[in-house]
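Please read the structure below before turning to the comments.
All of the numbers you see were taken from the coordinates with simple rules; none came from a lab. Just so we're clear, the structure is a prediction, and the values are computed from it rather than from any experiment. Note: ideal-geometry Cβ built from the backbone for every residue, glycine included; neighbour counts use all protein chains shown.
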Amino acid sequence: MTDPHDLTQGDPAQWHREIAEHFHDIAEGVADWQAPAPPEGWAAIDVVRHLIEWLPGFLAGAGVEVGEVADVDEDPPAAWRQRCEDVQALLDDPTTAERSFANPHTGEMPLATAITRFYTADVLIHTWDLAKASGQEPALDDAVCAGMADGMEPIADMLASSGQYGPRVPVPADASGVDRLMGLVGRDPAWAPR
C-alpha cells in the first residue's frame with residue numbers, strides 16, 4: 001500500500017504540479033523581493049533564482065534540456081511560471097519515465113524519480129524559505145515534511161557536509177514534521193526577518 005504523503009511514491013507529475021503551484025502562490029504574494037530569506041546571505045529573489053538556475057545542469061545528466069525563462073530580476077513569478085511549465089511538460093510526457101538519470105553521487109534511476117527526489121523536494125523546502133522571507137504562512141503538508149525528514153535522516157551528516165545545507169538545527173523530540181525537516185536542512189524553525 002502506498003503512502004499518499006510519501007514524495008517517493010505516487011505520481012511524480014502530480015507531486016510537482018501541487019508543490020510547484022503552491023510555490024507560485026507564495027511567489028505571487030511577495031511584496032519585497034530584496035527581503036532577507038532564511039538561507040544565510042540570501043534575499044527572497046535568490047530563492048527563485050536558485051530553483052531556476054540549478055535545474056538545467058542537473059537535467060543535462062539525462063540529456064534533457066529545459067527552455068530559457070524570463071529575467072528573474074524583472075518578474076520572478078513569471079520566470080518561475082515558465083520553469084514550472086517546462087518541468088511539468090517533461091513529467092507529463094510518458095517517455096520521461098523511460099529515460100534514465102545517472103549521476104556519480106546518486107547512482108542511476110528513472111528521470112522522473114530523480115526530479116521528484118532532488119528538484120520537487122527542493123521546491124518544497126524553498127517554499128518555506130520564500131514564505132518566511134515574505135511574511136506568509138508556508139502552509140506545508142506536515143505529513144509530507146515528516147516523511148521527507150525520515151527519509152533524509154540516514155544521510156543527514158552527508159547533507160550537512162555537502163555544503164548544500166547549513167548545519168543541522170536541533171528541534172524538540174515532539175516537533176512537527178515541518179520543523180523537523182527544516183531543522184534537518186539547517187533552518188531555524190523560529191526564523192523571522194530582522
Problem - Neighbourhood net charge (10 Å Cβ-Cβ; Lys/Arg +1, Asp/Glu -1) for Ile45 - result: -2
Exercise for the section: Quick one: which residues, 5+ away or cross-chain, put their amide H under 5 Å from the amide H of Phe101? H built at 1.01 Å from N. Expected result: Met109, Leu111
Exercise for the section: Could you run the Karplus curve 6.51 cos²θ - 1.76 cosθ + 1.60 with θ = phi - 60° over region 62-67 and give me ³J(HN,Hα) per residue in whole Hz, x for Gly and Pro? Expected result: 10, x, 10, 10, 10, x
Fill in the blank from the handout: A student applying the Cα gyration tensor rule (rounded when a/c is under 1.5; otherwise prolate if a/b is larger than b/c, oblate if not) would label the chain oblate
Handout entry: Cα gyration tensor shape of region 103-159, rounded if a/c is under 1.5, else prolate or oblate by comparing a/b with b/c
Key = prolate
Fill in the blank from the handout: Helix-only [θ] at 222 nm, the chain, -39500 (n - 2.57) per DSSP H run of 4+, per residue, nearest 500, equals -14500 deg cm²/dmol
Practice task
Please turn the phi angles of region 166-174 into ³J(HN,Hα) values with the Karplus equation 6.51 cos²θ - 1.76 cosθ + 1.60 (θ = phi - 60°), one per residue in order, whole Hz, x for glycine and proline.
Solution key: x, x, 4, 9, x, 10, x, 4, 9
Practice task
With a cut-off of 17 Å, note down the residues of region 37-77 whose backbone N falls inside the zone around a label point 7 Å from the Cα of Ala190 toward its beta carbon.
Solution key: 38
Practice task
Report the label-to-label distance for Trp54 and Ile155 in nanometres (one decimal), using points 7 Å from each Cα along the Cα→Cβ vector.
Solution key: 1.2 nm
Fill in the blank from the handout: Rounded to one decimal in Å, the inverse mean reciprocal Cα-Cα distance for region 60-106, i.e. its Kirkwood radius, is 12.2 Å
Handout entry: Label-point gap, in nm, between Thr106 and Gln88 - each point 7 angstrom along Cα→Cβ
Key = 2.2 nm
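Would region 47-126 count as rounded, prolate or oblate if I go by the C-alpha gyration tensor, calling it rounded below 1.5 in a/c and otherwise prolate when a/b exceeds b/c, oblate otherwise?
Prolate, because a/c is 1.5 or more and a/b exceeds b/c.
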Practice task
Could you compute the FRET efficiency for Trp42 and Asp174, with r as their C-beta to C-beta distance and R0 at 30 Å, rounded to 0.05?
Solution key: 0.50
Handout entry: Charge sum, other residues only, whose C-beta stays under 11 Å from Phe101's C-beta, Lys/Arg counted +1 and Asp/Glu -1
Key = +1
Practice task
Within the set of other residues whose C-beta is less than 13 Å from the C-beta of Gly67, count the net charge using Lys and Arg as +1 and Asp and Glu as -1.
Solution key: -2
Exercise for the section: For the chain, give the magnitude of the charge dipole about the Cα centre (Cβ charges: +1 Lys/Arg, -1 Asp/Glu; no others), in debye to the nearest 20. Expected result: 480 debye
